[in-house]
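First up is the structure itself, then whatever we jot down about it.
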Amino acid sequence: MGQLTEFFMKSPGGPPPNSGFTMPMMKGWVPRRIQPWIYVLTALCFQFSGGVYLGALDSIRGTTNLMIEDVLFLLYSTLAGMAVYFPMLFRMKFRFTNQQLLCCSAGILCVCNLLTMYCQSMPILAVACFIAGMAKIQGTFECMSNIQLWITPRRDFAVFFPVLHIILLTAIEGSGWLAAWFAHHFSWQMMHVFTIATMSFVLLTQVVLCRPFCPMPHRLSLKGMDFQGGIVVCGLTLVLSYIVVYGDYLMWLDSLRIRILTGIAIMLFGIMLYRLHTYRYPYVELSLFTRRNVVPILIVTFFAELAFGAEHTMEEILYSEVIRLEELTKESQYMWVLLGMYVGILLDLYWLKVMKWKIWKLFGIAFISITFYAMLMYFTLDMNVNIEQYRLAIFLRGFAYAILSPALMWALNESVPSLEQFFMGLFVFNILHMYFAGAAGYGIYTTIFSHFMNENMMSYGHHLTLTRLDIPRFDIGGYIAHDYLHSMMMVTIKQVYGYVIWFSLALAALFLLCDIPAVRTNIRKVPRWSVYAIDYLAKKK
């Protein structure tokens with residue numbers, strides 16, 4: 001395995017840096033200058049693809065029997081498929097040719113998008129979205145790994161990860177806006193037609209411009225992969241996503257379905273741990289968690305995604321339920337996040353590549369940005385505020401997200417020297433980053449919102465009196481349904497953002513203090529009570 005890792009580090013996308021960048025998978029008549037750009041465009045095509053698109057949420061709910069929880073569950077199924085597939089990427093690249101991987105991924109995405117257009121069976125849709133996530137990450141990885149040396153000839157991950165996130169984050173925001181645009185002017189199915197068209201373009205370029213190429217002279221066998229463990233992990237992720245997405249809707253453990261699924265999740269988690277301890281080549285090696293800084297990185301990732309959960313949940317409630325923005329207007333508003341993301345990526349490049357400063361303070365800056373985002377939302381929220389006034393807050397959350405995502409991935413790469421373990425680390429990282437913490441954040445914030453909303457309704461309801469109202473002329477039904485309800489929702493959103501302010505401010509202070517040498521290295525160790533007792537008795541004598 002060490003020789004394989006060394007071979008990968010030298011020639012996955014071409015020869016060593018000093019001999020110039022080439023793409024052996026391209027046919028000779030294709031101009032060398034446009035070769036990497038073709039793969040950049042192909043990577044964008046894969047990143048714009050998916051199972052369902054939140055930008056078309058209103059249209060999907062209006063023309064199908066799917067609830068918002070159903071659409072979110074399908075979205076998290078796609079993210080779970082992407083995260084689960086990471087340990088397979090390393091082996092697949094050295095087992096199949098670039099044409100096989102890219103054509104297979106494009107074909108699978110075509111089929112999955114056809115299913116999501118015409119099928120309304122949730123089990124079938126969940127499986128289709130899960131498989132679409134696996135195909136999406138496979139296609140993206142194959143493209144980006146082949147142009148890695150073009151992006152950074154010395155394979156400097158302080159450069160590669162920020163540049164990679166330019167593509168990823170542009171596609172994340174752009175696909176939502178494009179889905180809303182298609183749904184507004186045509187129908188929500190047109191986004192899936194567009195995805196099928198882009199995948200057809202990928203198939204065409206692979207057939208016309210490329211030839212089969214595998215960086216491994218002798219194909220690497222898939223023997224030894226823990227496929228059974230991978231299936232257990234897939235089942236566990238889908239069950240957990242169902243619990244956290246539908247938990248508030250089904251009243252959590254008051255529902256028999258949630259109790260049964262919780263038991264199944266515990267059982268699958270036990271099976272997964274058993275396989276990790278007993279199987280010779282587990283899906284994820286336990287030694288990964290003993291690597292320096294891996295566990296702290298995962299903890300930071302989890303807390304960061306919990307903080308960002310307010311954006312996913314509270315902004316959706318604000319724009320959809322309170323202000324009632326049309327979907328295209330809402331997605332156009334979200335496009336301001338891209339400007340913040342690009343600024344955050346530039347800061348990452350300057351911090352990690354140019355100055356090579358310590359990363360703790362960078363994390364602190366990111367959480368300060370989240371704090372200011374929550375404060376701006378808290379003090380700006382009002383029924384009479386123009387939506388343009390929220391743009392600075394949207395910019396700040398994009399700025400914070402773009403700082404944390406590449407920086408955490410870079411820190412993980414620095415902490416895991418083995419390439420195969422790094423892909424296992426990416427699996428755990430993305431399970432938290434893209435999927436579990438986000439889904440858990442949605443469940444937590446919706447539950448907190450529901451709790452505060454009920455309390456506020458009961459509290460303010462006592463102040464409603466009809467003694468001074470002209471009953472025949474007062475529309476009490478309209479007042480309760482519109483003005484009163486919306487004002488209560490606005491107050492509740494503010495309460496939730498208040499908690500986010502304190503949470504992110506505490507994390508920002510923690511990381512800024514960790515960067516101070518006197519605090520980081522000279523913390524006084526507090527002895528146990530028994531040591532205190534011995535010292536006390538010694539002094540008494």
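Across all C-alpha atoms in the range 114-192, the radius of gyration and Dmax reach 16.4, 49 Å. Our coupling estimate for the range 433-450, obtained by passing each phi through the Karplus curve with A = 6.51, B = -1.76, C = 1.60 and θ = phi - 60°, is 5, 8, 10, 5, 5, x, 5, 5, x, 4, x, 5, 5, 5, 5, 4, 4, 4 Hz, Gly and Pro reported as x. Scanning the chain for chymotrypsin sites (Phe, Trp or Tyr not before Pro) that sit in a DSSP loop and have at most 16 other Cβ atoms within 10 Å, the longest stretch containing none of them is 30-185. Sorting the Cα pairs of the chain by distance into bins of 10 Å, from 0 upward, gives 3, 16, 26, 26, 16, 7, 3, 1, 0, 0 percent per bin. Shown here for the range 296-399: trypsin sites (Lys or Arg not before Pro) in loop regions (DSSP other than H, G, I, E, B) with at most 16 other Cβ atoms within 10 Å, namely ARG324, LYS356, LYS358.
Put simply, the amide H of CYS210, placed in the peptide plane, has neighbours under 5 Å in LYS27, leaving out anything fewer than 5 places away on its chain.
A Förster distance of 60 Å, applied to the separation of the beta-carbon atoms of ASN65 and TRP357, puts the FRET efficiency at 0.70.
Cβ-Cβ distance of THR22 and PHE302, R₀ of 56 Å, FRET efficiency by 1/(1 + (r/R0)^6): the value works out to about 0.85.
For the range 378-430, taking Cα atoms only, Rg and Dmax work out to 18.0, 55 Å respectively.
With the helix formula -39500 (n - 2.57) applied to DSSP H stretches of n ≥ 4, the chain reaches a computed 222 nm mean residue ellipticity of -23000 deg cm²/dmol.
Would you work out the charge dipole size for the range 176-283 about its Cα centre, treating the Cβ of every Lys and Arg as +1 and the Cβ of every Asp and Glu as -1, and quote it to the nearest 20 debye?
480 debye
Comparing Cα centroids, the range 488-503 and the range 222-239 end up 39 angstrom apart. Each Lys and Arg Cβ is given +1 and each Asp and Glu Cβ -1; about its Cα centre, the chain then shows a dipole of about 2500 debye. D by Stokes-Einstein for the range 30-126, Kirkwood Rh over Cα pairs, 10 °C, 1.306 mPa s: 103 µm²/s. For the range 191-256, with equal point scatterers placed on the C-alpha atoms only and solvent neglected, what are the log10 I(q)/I(0) values from the Debye formula at q = 0.18, 0.19, 0.23 1/Å, to two decimals? Normalising to I(0) and taking log10 leaves -0.90, -0.90, -0.93.
Principal semi-axes of the equivalent ellipsoid, √(5λ) from the alpha carbon gyration tensor of the range 148-238, are 30, 23, 19 Å from largest down.
We did not get these values from a lab; they are worked out from the coordinates using the rules stated. Note that the structure is a prediction, hence the values are computed from the model and not measured. Counting neighbours? That spans all protein chains shown, and the Cβs are built from the backbone with ideal geometry, glycine included.
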